[in-house]
1. Quick one: if you stick a label point 7 Å off each Cα along the C-beta vector at VAL105 and GLU256, how many nm between them?
2. Taking θ = phi - 60°, what integer Hz values does the Karplus form 6.51 cos²θ - 1.76 cosθ + 1.60 yield along region 75-83, in sequence order, with x for Gly and Pro?
3. Quick one: what are the phi-derived ³J(HN,Hα) couplings along region 16-21, Karplus 6.51/-1.76/1.60 with θ = phi - 60°, whole Hz, x for glycine and proline?
4. Taking the Cβ of ALA212 as the centre, find all other residues whose Cβ is under 10 Å away and add up their charges (Lys, Arg: +1; Asp, Glu: -1).
5. Calculate how steeply helix 144-154 sits against the longest principal axis of the alpha-carbon atoms of the chain, using the helix alpha-carbon long axis, and give the answer as 0 to 90 degrees to the nearest 10.
6. Apply the Karplus parameterisation 6.51 cos²θ - 1.76 cosθ + 1.60, with θ equal to phi minus 60°, to every residue of region 57-67 and state each ³J(HN,Hα) to the nearest whole Hz, in sequence, with x for glycine and proline.
7. Identify the trypsin sites (Lys or Arg not before Pro) of region 1-107 meeting these criteria: DSSP loop state and at most 11 other C-beta atoms within 10 Å of the C-beta.
8. Kindly provide the helix-only [θ] at 222 nm of the chain, computed as the sum of -39,500 (n - 2.57) over DSSP H runs of four or more divided by all residues, to the nearest 500 deg cm²/dmol?
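The values are calculated or read from the model by the stated rules, or taken from the named source; none is laboratory data. Here the structure is a predicted model, which means the values were calculated and not measured. Methodologically, a virtual Cβ is constructed for each residue, glycine included, from the backbone with ideal geometry; neighbour enumeration extends over all protein chains shown. Areas reflect the complete protein model, heavy atoms only, side chains present, ligands, DNA and RNA absent. Shrake-Rupley method; radii C 1.70, N 1.55, O 1.52, S 1.80 Å.
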Amino acid sequence: MFKIISDTSCDMLKEYADDHDITLVPLYTTFDGQKYYKEQFEISYEEFYKKMEEENAFPKSSLPSIQDYVDAFMPSVKEGVPIICCCITTFFSGSYNSACTAKEVVLEDYPDAKITVINSLQNSAAMSLFIYEAMKMRDAGYSYEKTVKVLEAMRNSGRIIFTTESLDYLTTGGRLAKTAAVITSKLSIRPIIIMKEGEISVGGVSRTRNKAKQQLIDLSLKHFKNNNLDINDYDMTVGYCTNPEEAVEYRKRVEEALGIQAVESYDDLRTRIGVVTACHTGPTALGIAFMPKYDKVLV
């Protein structure tokens, strides 16, 4: 048995995480650079997105503190339970560094504590699947050591392919070059963004949102075909921000096109693109994420 800890970049609803014995360490968001809110703990999705849309705000995000991680680690450390802590890709945040420093702080007083901190190379919907696979391994009786090996082996294979209405948030947050936003803005086109191995890039553009959504499906099919991968060896989810109705309809469309079910269609996985992710994507992001099923990963 082991404890799973993740920062809130995994976009799992806190209620879901609590129900499945997963501890979330909140990242922070601020609208004015003065007051910071803990994601899901001090600001709700509804409050956050309402402020973004009504005030056309460009919020910023910040990493968890070292003390946030120490506080998350200590209950399990005192009980002698090994910890697997999964963090957002280091390309996006210093959350991993905070967790590693917290581990060293804890080991000073508890040298026998078992704590593994993993740079997941993931974010958002793909990160939710990464944590989901860890949870499935825990519940299947996998050892602490084997679970760590599987997670480290699968992290390079996770993918997110998503679209949003513009690149303004990504460029304002420093995730993409400003020239990309200028081009898409002037042409009134929707960008297609691909995240792999911890980094993001523009994977294409489309004239309308509906065409962009179809392009996400086409790129997903192309990924599996070109890399000779069996899509049935992967779990899939559809991530969304403020548009649950659109997400439900799109999920059905994706499932039919790909020939597999999203995890949320057959299990109780509950996620939503969180406030820290939305700082960089805006409130209209919609996408498809993939992660290898834990029992299909060779280690």
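1. Label at VAL105, label at GLU256, 5.2 nm between them.
2. Ordered by residue, 3J(HN,Hα) equals x, 6, 4, 5, 8, x, 9, x, 10 Hz.
3. Values per residue, Gly and Pro as x: 5, 4, 4, 5, 10, 6 Hz.
4. Around ALA212, the surrounding residues sum to +4.
5. Tilt relative to the chain: about 20 degrees.
6. Ordered by residue, 3J(HN,Hα) equals 7, 10, x, 10, 10, 9, 6, x, 7, 4, 5 Hz.
7. Those that pass, being in a loop and sparsely packed, are LYS35.
8. The helix contribution divided over the chain gives -13500 deg cm²/dmol.
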